[in-house]
Amino acid sequence: MYTKLFIDGQWQDSDGGAEMAILNPATGQQIAAVPDGSGADVDRAVQAAKTAFYDGRWSRKTPGERSLALFRLADLLEQRGAEIGRIESENAGKPYAQLTMAGDIPFAVDNLRFFAAAARDTHGSRAGEFAAGYTSMFRREPVGVVGQIAPWNYPLLMAVWKLGPALAAGCTVVLKPAPTTPLSALMLAELIQRAGIPDGVVNVVTGGNDTGQALVEHPEVRMVSLTGSTATGKKIMATAANTLKRVHLELGGKAPVIVFDDADVEIASAKASFAAICNTGQDCTAATRVYVEKSRYNDTLEAVVAAMRGVKVGMPFDDDTAMGPAISDVQRRRVLGFIERAKAGGARIVTGGGVPTGFDGGFFVEPTVIVDADQKSEIIQSEVFGPVITVSAFDGEAQALAYGNDVLYGLAASVFTKDVGRAMRLAQQLEFGTVWINDHIPLASEGPHGGFKQSGFGKDLSAEAVGDYQITKHVMIANS
Ligand code: NAD
């Protein structure tokens with residue numbers, strides 16, 4: 001296990017000496033301590049990334065060389081998957097067998113292979129004559145030093161979603177993992193070095209919000225990419241304005257699940273429930289608001305409640321565990337606060353709503369279904385980031401669409417119907433970056449992932465993500 005800063009290819013102590021305790025959320029016990037990176041640490045890491053960028057050790061490698069290194073990194077992650085997966089499950093409370101080993105690790109490997117392939121196709125568009133006597137060439141160049149700030153819900157995946165496209169584009173990086181979950185990113189740093197990605201190209205500075213703030217303020221950082229809450233996105237955008245950095249923001253979500261009367265209610269309920277408890281609901285695309293056409297409300301609610309009651313809450317390393325703990329006591333209390341305020345506002349808890357018994361010390365929450373919530377109430381409008389789902393009725397397509405779009409967020413939505421025309425109409429009119437038809441939650445490396453509205457802008461995954469880490473230069477050559 002690595003517990004130091006990774007700067008310029010070296011494991012370094014922090015200048016400030018401050019530390020953060022790292023807990024196992026399933027037990028509440030401390031498992032490690034890592035540096036709480038200071039401004040001086042951030043500066044050291046940025047200088048290393050700057051040197052590595054301008055001397056061309058990565059940015060001027062051929063696309064083929066960058067691609068090979070990323071393929072090697074994917075292979076190493078696959079080979080060491082069980083080890084890094086154990087660290088991830090211990091640090092983030094994820095069910096090891098179902099989520100980490102069958103989900104996050106193979107997906108992260110696939111993401112890296114996608115970006116390794118994408119690294120071969122980062123050059124600019126064709127040359128052309130657009131002004132008499134001139135030939136124009138459009139170069140696609142890496143943006144430069146990028147500050148990347150990750151959340152705690154998918155620590156390894158989010159690190160890979162950030163590093164993969166930035167490295168494919170030829171950027172150098174200072175990555176700051178979330179303060180609660182830095183361990184898998186530190187191990188990834190070891191694999192990055194083993195893969196032959198040169199020292200200084202990827203630097204990992206652990207720390208809290210102030211460490212992130214120092215990275216955003218740093219004048220040598222050309223772009224900041226955050227996955228985090230909408231509130232943090234707004235702060236980062238304001239700070240980045242001082243140095244006019246490019247910002248790339250993957251923020252919160254409040255995904256609706258719209259179930260029409262012709263849908264297969266069993267399938268819709270099973271998919272919605274899984275997407276509500278997956279990763280303990282700590283997923284920006286989690287199913288949070290189920291809207292059911294009123295003729296099917298009762299049977300859909302019954303099926304959702306049965307599915308949520310059937311979720312096996314357990315310790316991350318038990319094979320039959322479907323849902324582990326929340327990430328922290330703070331997060332658990334936040335989730336319980338939302339539930340209490342929903343109750344006080346007149347909503348009804350049909351199942352869950354509290355803390356399951358038998359988990360001394362861990363930060364567990366019950367899978368929870370809430371009904372009778374007003375569309376304008378907090379529980380419908382705000383991101384809870386816990387295993388909590390509301391079920392409401394709607395009357396007709398127009399109302400379903402209005403309810404679905406009626407939040408500040410715009411990350412993901414789903415529609416369950418057998419009517420293709422209706423599915424296409426909704427897919428067009430829902431203001432969300434991802435719209436699933438007859439499913440909720442799957443992703444693919446090729447699919448752009450990102451928000452509309454206050455869920456942010458810029459894409460993770462896909463070739464678009466690589467483009468986000470590039471800047472176009474117009475080279476104009478006089479022909480005479
Ligand atoms: P958070 O916003 O509290 O923290 C995210 C990261 O930002 C952390 O590393 C934190 O230290 C850092 N940070 C906080 N304040 C900062 C500041 N002023 N300057 C610089 N850095 C700062 O979010 P979280 O609680 O870690 O993660 C949960 C949030 O992330 C949820 O809202 C969720 O929806 C969102 N999320 C979005 C996506 C997506 O793809 N859109 C994916 C996962 C999570």
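Using a ≥ b ≥ c from the Cα gyration tensor of the range 380-439 (square roots of the eigenvalues), is it rounded, prolate or oblate, where a/c under 1.5 gives rounded and otherwise the larger of a/b and b/c decides, a/b for prolate?
Prolate, since a/c reaches 1.5 and a/b exceeds b/c.
How large is the helix-only mean residue ellipticity at 222 nm for the chain, computed as the sum of -39500 (n - 2.57) over DSSP H runs with n ≥ 4, divided by its residue count, in deg cm²/dmol to the nearest 500? Could you put the intermediate results ahead of the total?
Values: 15 runs with 179 residues, N = 480.
Rounded to the nearest 500, it is -11500 deg cm²/dmol.
Output needed: percent of Cα pairs per 5 Å distance bin for the range 364-480, bins running from 0 to the one holding the longest distance.
Reading the bins upward from 0: 2, 9, 15, 19, 18, 14, 8, 5, 3, 2, 2, 2, 1, 1, 0.
Using Cβ contacts closer than 10 Å as the measure, can you line up 5, 426 from fewest to most? The partial results should precede the final answer.
Numbers: 5 28, 426 22.
Fewest-to-most Cβ neighbours within 10 Å comes out as 426, 5.
Counting pairs of alpha carbon atoms under 8 Å apart in space and at least six apart in sequence, what relative contact order in percent does the range 53-199 give?
32
If you look at just the Cα atoms of the chain, how large are its Rg and its Dmax in Å?
For the chain, the Cα-based Rg and Dmax read 22.9, 81 Å.
What does the charge add up to near residue 77, with Lys and Arg as +1, Asp and Glu as -1, over the other residues with Cβ less than 14 Å from its Cβ?
Here the charged neighbours net out to -2.
Any idea which of 355, 377, 335 is furthest toward the positive side of the dipole for the range 312-468, if Lys and Arg beta-carbons carry +1 and Asp and Glu beta-carbons -1?
Towards the positive end, the residue furthest out is 377.
Mind checking the dipole of the range 1-94: about its Cα centre, +1 per Lys or Arg Cβ, -1 per Asp or Glu Cβ, Debye to the nearest 20? Write out the running numbers ahead of the final one.
Details: 11 positive and 14 negative charges, 91 e Å.
Magnitude of the dipole: close to 440 debye.
Return the inverse of the average 1/r over all pairs of distinct C-alpha atoms in the range 290-358, which is the Kirkwood hydrodynamic radius, in Å to one decimal.
14.2
Order these by the 10 Å Cβ neighbour count, fewest first: 122, 206, 3.
Going from least to most buried by this count: 3, 122, 206.
For the range 1-74, rounded, prolate or oblate, judged on the Cα gyration tensor with a ≥ b ≥ c (square roots of eigenvalues), a/c < 1.5 rounded, else prolate if a/b > b/c? Intermediate results must be reported in sequence, preceding the final value.
Working: a/c = 4.08, a/b = 1.62, b/c = 2.52.
Because a/c hits 1.5 or more and a/b fails to exceed b/c, the range 1-74 counts as oblate.
Which of 235/453; 271/453; 312/418; 61/473; 418/453; 176/245 have a Cα-Cα distance over 23 Å?
Checking Cα-Cα distances, 271/453; 312/418; 418/453 exceed 23 Å.
Given all pairs of different Cα atoms, what value in angstroms does the Kirkwood hydrodynamic radius of the range 321-427 take?
Mean inverse Cα-Cα distance, inverted, gives 15.5 Å.
Determine the relative contact order of the range 179-328: mean sequence separation of Cα pairs under 8 Å and six or more apart, normalised by residue count, in whole percent. Mind dumping the intermediate values first?
Details: 168 pairs, mean separation 24.7, N = 150.
Over the range 179-328, the number comes to 16 percent.
Return, for the Cα atoms of the range 1-139, the radius of gyration and Dmax in Å, separated by a comma.
When restricted to Cα atoms, the range 1-139 yields Rg and Dmax of 20.8, 71 Å.
Tally Lys/Arg at +1 and Asp/Glu at -1 over every other residue whose Cβ is under 11 Å from the Cβ of residue 86; what's the total?
That works out to -1.
How charged is the neighbourhood of residue 350? Take every other residue with its Cβ under 10 Å from the Cβ of residue 350, and add Lys/Arg as +1 and Asp/Glu as -1.
0
Please work out the C-alpha center-to-center distance from the range 134-161 to the range 249-278 and express it in whole Å.
Centre-to-centre (Cα) distance: 30 Å.
Could you run the Debye sum over the Cα atoms of the range 178-240, one equal point scatterer each and no solvent, and tell me log10 of I(q)/I(0) at q = 0.12, 0.18 Å⁻¹, two decimals?
Result of the Debye calculation: -0.36, -0.77.
Using a 10 Å cut-off around each Cβ, can you sort 138, 130, 363 from fewest to most neighbouring Cβ atoms?
Ascending Cβ contact count within 10 Å gives the list 130, 138, 363.
Just need the relative contact order of the range 375-480 here, percent rounded to a whole number, with Cα pairs under 8 Å and 6+ apart. Let's see the in-between values first.
Values: 116 pairs, mean separation 21.2, N = 106.
Relative contact order, the range 375-480: 20 percent.
Every number here is computed from the coordinates shown, using simple stated rules; none is lab data. Remember, predicted model here, so these are calculated numbers, not experimental data. For neighbour counting, all protein chains shown are included, and Cβ atoms are generated from backbone atoms with ideal geometry for every residue, glycine included.
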